[in-house]
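The structure under discussion appears below in the form of structure tokens.
The values are calculated or read from the model by the stated rules, or taken from the named source; none is laboratory data. The model shown is predicted, which means the values in this text are computed figures rather than measured ones. Cβ sites come from the backbone with ideal geometry, for glycine too, and all protein chains shown count toward neighbours. All accessible areas refer to the heavy atoms of the entire protein, side chains included, with ligands and DNA or RNA removed. Shrake-Rupley method; radii C 1.70, N 1.55, O 1.52, S 1.80 Å.
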Amino acid sequence: MQDHTCIYCNQEKNTDEFSLEHIFPDSLGGAFANNIFKTRLVCQRCNSLSGLYVDSSFVKNFFSTTLPAFSDYLGYYDFEKKPIIPFSYMGFVEYIKHPNYKYCEKWLWCGGSMIYHFHNNSTESFQTIAGGDPRKRKGKNAGEVYLVGLTDNPFWIELLLNSFIKQFKKSKKISVNYILPNQSSESLSNEQQNIKKELFTIHQSKDIQKHTMPINIDFNVRFQAKLSLGLGYSLFGKQFSTSNEANFYRDIFWNKDHKKLIELQPKMMSFFSKGKNDLEKFMKFLNFKGCHGLFFIPVSNTLVFYGNLYGENQYPILTVITNELDKYEHELIKKYPYGWGYILVPQRELFIGEIEIPNILAFNTGDKSFLPELIELESLYQDQSELPPFNLEKKD
Ligand SMILES: [Zn+2]
């Protein structure tokens with residue numbers, strides 16, 4: 001009989017209450033990963049709660065703390081396809097007020113170009129994760145977006161406008177300093193013209209503008225617990241999802257008490273007292289510039305998931321899947337006693353693997369012969385210094 005118990009809430013549900021859950025967030029490219037990173041055994045309620053409270057907090061924090069990694073990220077962009085380059089969430093701003101909207105959020109793009117998003121959204125998603133995904137804003141919740149472009153190079157202007165239009169699909173779009181197609185100043189209301197003027201003045205001045213970033217402080221540990229639960233189920237099935245360990249991760253995932261979570265987290269990482277040194281020694285060799293590295297590593301009786309977002313150890317995620325590995329069987333564990341991994345390049349919609357960890361270590365320490373697929377991948381990487389400059393006048 002088919003199992004109808006949701007992995008996250010452990011409740012029995014009807015078949016039509018389940019939906020596709022990306023254990024590794026969709027917004028970081030999870031849709032391109034294999035079935036280990038997806039499941040249909042999560043109910044819609046858990047799926048949307050986890051999206052709102054766990055994934056979004058994690059992803060927004062990731063993007064806003066890793067701007068330095070942006071150039072690596074662009075290395076794999078296929079510029080001929082005119083892709084979207086996502087804006088990074090920067091939080092709320094208070095220095096500019098729109099008479100019709102209560103909130104203003106700022107988003108940053110390459111080279112300092114930015115977006116101001118005015119809206120009145122006060123739904124659950126707004127309160128918990130500061131705005132939710134702007135692409136999903138509809139109707140009167142879509143608000144108004146103002147673009148301040150800091151590039152005069154047509155190459156970047158085209159990409160910027162394309163990203164602006166696609167990421168804020170439903171919102172009224174106003175450019176502060178570019179001429180948008182089908183938009184003359186006559187089409188703007190007085191309020192809109194005033195905001196436009198005000199933003200223009202702000203960006204002419206050299207003052208530093210403050211923004212505040214409300215974050216869900218426990219998102220990291222919750223995100224770890226979610227990964228452990230989801231990946232554990234993907235590998236070991238019901239035997240895992242009914243285990244004490246799975247219940248422990250559920251406790252973390254659903255716990256609202258910050259103090260309690262602080263107590264629970266070290267327990268989750270307790271294997272570290274044994275395996276930490278060994279693991280840390282080779283973790284630095286599991287980096288792939290501009291790509292996500294996703295690895296499953298057995299350390300004595302523990303199975304660890306190690307994720308390295310966009311390379312260079314900018315944002316490592318480390319979580320324990322099980323401390324009782326000998327209880328479980330999986331063909332991949334048998335096949336790869338030293339662990340295995342995948343390279344995910346969402347910019348190219350590529351997912352490479354599985355690859356055994358000794359071969360990855362060999363590759364990253366100089367012997368590339370075992371992994372021709374990674375040689376091919378590296379050949380797609382474009383050094384950012386070869387890209388056109390943001391500002392034409394600065395070119396010498
Ligand atoms: Zn559920």
3 or more residues at pLDDT 95 or above: qualifying strands (runs of 3 or more DSSP E) within segment 298-345: 340-345
Leading residue by the ranking (least open to solvent (accessible area, probe 1.4 Å)) among those in segment 229-254 that are more than 17 Å from Leu332 (Cα to Cα) and in contact with a Ser or Thr (Cβ under 6 Å, 6 or more places away or on another chain): Tyr249
In segment 1-24, the residues that are away from the ligand (no atom under 13 Å from the Cβ) and in a strand (DSSP E or B): Leu20, His22
Lys210 being open to solvent by 20 Å² or more (accessible area, probe 1.4 Å) and at pLDDT 80 or above: no
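Quick one: in segment 25-48, which of the residues that are within 17 Å of Pro346 (Cα to Cα) and either among the charged types (D, E, K, R) or near the ligand (Cβ under 8 Å from one of its atoms) (or both) is most open to solvent (accessible area, probe 1.4 Å)?
Of everything passing the filter in segment 25-48, Asp26 is most open to solvent (accessible area, probe 1.4 Å).
Of all the residues that make up segment 25-55, how many are in a helix (DSSP H, G or I) and more than 23 Å from Tyr342 (Cβ to Cβ)? Quick ask: steps written out before the conclusion?
We begin by selecting, within segment 25-55, every residue in a helix (DSSP H, G or I); these are 26-28, 30-32, 35-37, 44-55.
With more than 23 Å from Tyr342 (Cβ to Cβ) added as a condition, the list becomes 44-46, 48-49, 52-53.
Residues flagged as in a helix (DSSP H, G or I) and more than 23 Å from Tyr342 (Cβ to Cβ) within segment 25-55 amount to 7.
Residues that are open to solvent by less than 30 Å² (accessible area, probe 1.4 Å), at pLDDT 90 or above and not aromatic (Phe, Trp, Tyr): does segment 8-15 have at least one? Full working, then the answer.
Taking segment 8-15 as the starting set, the residues that turn out to be open to solvent by less than 30 Å² (accessible area, probe 1.4 Å) are 8-9.
Keeping just the survivors that are at pLDDT 90 or above gives 8-9.
Restricting the remaining residues to those that are not aromatic (Phe, Trp, Tyr) gives 9.
Yes, segment 8-15 contains a residue that is open to solvent by less than 30 Å² (accessible area, probe 1.4 Å), at pLDDT 90 or above and not aromatic (Phe, Trp, Tyr).
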Verdict on Asp55 being at pLDDT below 85, open to solvent by less than 40 Å² (accessible area, probe 1.4 Å), acidic (Asp, Glu) and within 17 Å of Ile317 (Cβ to Cβ): yes
Segment 329-353: number of residues that are surrounded by fewer than 18 Cβ atoms within 10 Å (Cβ to Cβ) and under 21 Å from Phe236 (Cα atoms): 9
